[in-house]
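Here the structure comes first, spelled out in structure tokens, and everything after it is commentary.
The values are calculated or read from the model by the stated rules, or taken from the named source; none is laboratory data. Just so we're clear, the structure is a prediction, and the values are computed from it rather than from any experiment. Virtual Cβ from ideal backbone geometry, glycine too; neighbours counted across all protein chains shown.
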Amino acid sequence: MSALALILLARGFTVRGSDRGYDKGDTPEKFKALELAGIKLFPQDGSGITKNIDKLIVSSAIEESVPDVRQALLLKVPIEKRAEILAGLVNKMHGICVGGTSGKTTVTGMIAHMLQELDFAPSVMNGGQIISFLEQGLPGNALAGHGDLFVTEIDESDGSIALFEPAIAVVNNITLDHKPLAELRPLFRDFIRRARDAVIINLDDPEAALLAELHPHTLTFAIDNPAATVSANGIDLKLKVPGRHNLSNALAALTVAKALGIPLERAKKALESFKGIKRRFEVIGSTSHHITVIDDFGHNPEKIEATLRTLKQDQGRVIIVFQPHGFGPTRMLKEGFVKTFARYLSETDILLMPEIYFAGGTADKTISSRDIIKDIAATGKIALFMDSRAAIKSFIKDNAISGDRIVIMGARDDTLPDFACSILISLEEIETGSI
């Protein structure tokens, strides 16, 4: 929502907004940045909705019970979804739309970074903050360029992928997340058929690979399949971001470059300066005793697996703090969570889980993190339910040892990065004897 607000602001619209996090006082620096950009913020109590508002734009998670929505209905202010506005912008331009269950934020970030480095002046809207953009003083998740290219990730979880008619469609993977596969397959099939110029498909993903024949102008990428248009075989690519999954993400970006007619060597050079996305395996810092704290967005089994596989490339124990997001998704993904943690955690690793994060609205709350912990512990792994963040921090302070990697993992909760930082600070205080 903040990215869309910034892009609309840059295009000359007057923008105001509200957010539950703003009302609660969470992440004040993020809201201050929006205000400094020129976006007036209001409490989410309906006071920001007046008769002179042309349109109320809401996320797919906003329900009619929210005071702003009630007030808009009362005043007959038109209401549209975020994705409808975004699709209206993207479909008029040379849109590069990145879809898939996992990796789409990083792939979008890689493509955006590459195109900016090569002076294409793209417009960009992303679900995560691109570190190189932040270093330039840009918002990180939004860019209003003067070129014809618009790079964005799109969402299959709410079905809004159906609104987009891209010039280039990218499909990273198709796996169980917010929707069952039976619902996801037709969404992605139709998405591919709507692409005007080209389709980019990951041949390493079985579900995505099945769609490769649906479009006359399909390019493919793969790590393991030498038949792909762009494969890892023979490509010397030195990335700053770790993990096999990021190699796959980079191959997707290089395939987009090929579709745009950009020489491979130029695209590679631009990609090699990509520094990653905030909260995607982001190292917060290390203590003098070599305890490292990492912040990570992993929230479905595939993302968690990618993070754990990357961690297992190095020696040392792992302490995972995993906060599931949403009661519905957690119920759907429970079996996958159990299998993934049971497979990739060693006998000495530790999993700590607080209760499921709930952003509000209506939900069936008959599942708990305790249910997941019980099943993982039954496999012989160390898995503990923690009833508060204070308890998590205390446990880590008492049990962390030299060489540990502590990973704070979860989605949507903007306070998780601050929590990761607070854990690092508490460990440093112990080591310096300042407490």
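Considering only residues that are buried (at least 19 other Cβ atoms within 10 Å of the Cβ) and within 17 Å of the chain's Cα centre (by Cα), look in region 396-412 and name the one that is farthest from His299 (Cα to Cα). Within region 396-412, the match that is farthest from His299 (Cα to Cα) is Val407.
If you filter region 18-55 down to residues that are touching a residue at least 60 places away in the same chain (Cβ under 8 Å) and not hydroxyl-bearing (Ser, Thr, Tyr), you find that the one that is farthest from Tyr357 (Cα to Cα) is Ala37. Scanning region 127-142 for residues that are within 11 Å of Gly109 (Cβ to Cβ) and in contact with a helix residue (DSSP H, G or I) (Cβ under 7 Å, 6 or more places away or on another chain) returns Gly127, Gly128, Ile130, Ser132, Gly140, Asn141. Go through region 366-388 and give me each residue that's within 13 Å of Gln323 (Cβ to Cβ) and either aliphatic (A, V, I, L, M) or surrounded by fewer than 17 Cβ atoms within 10 Å (Cβ to Cβ) (or both). Result: Ser368, Ile372, Ile373, Met386, Asp387, Ser388.
Taking every residue in region 334-359 that is assigned to a loop (DSSP other than H, G, I, E, B) and pairing it with any residue that is hydrophobic (A, V, I, L, M, F, W, C), at least 6 positions away or on another chain, the pairs with Cβ-Cβ distances below 6 Å are Asp349/Val318; Pro354/Met386; Ile356/Phe327. Can you find, within region 148-162, the residue that is nearest to the chain's Cα centre (by Cα) among those that are surrounded by fewer than 19 Cβ atoms within 10 Å (Cβ to Cβ) and not in a loop (DSSP other than H, G, I, E, B)? Result: Ser160. Being closer than 20 Å to Val256 by Cα, out of contact with any His (no Cβ under 7 Å at 6 or more places or on another chain), among the β-branched types (Val, Ile, Thr) and modelled with pLDDT under 95 is a property that Ile200 lacks. Note on region 384-419: residues that are in a strand (DSSP E or B) and not hydrophobic (A, V, I, L, M, F, W, C) total 2.
Here's the yes/no breakdown for (1) on the phi > 0 side of the Ramachandran plot; (2) buried (at least 21 other Cβ atoms within 10 Å of the Cβ); (3) not in a loop (DSSP other than H, G, I, E, B):
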| site | (1), (2), (3) |
| --- | --- |
| Thr175 | no, no, no |
| Phe188 | no, yes, yes |
| Phe191 | no, yes, yes |
| Ile201 | no, yes, yes |
| His215 | no, no, no |
| Ala228 | no, yes, no |
| Asn233 | no, no, no |
| Asp236 | no, no, no |
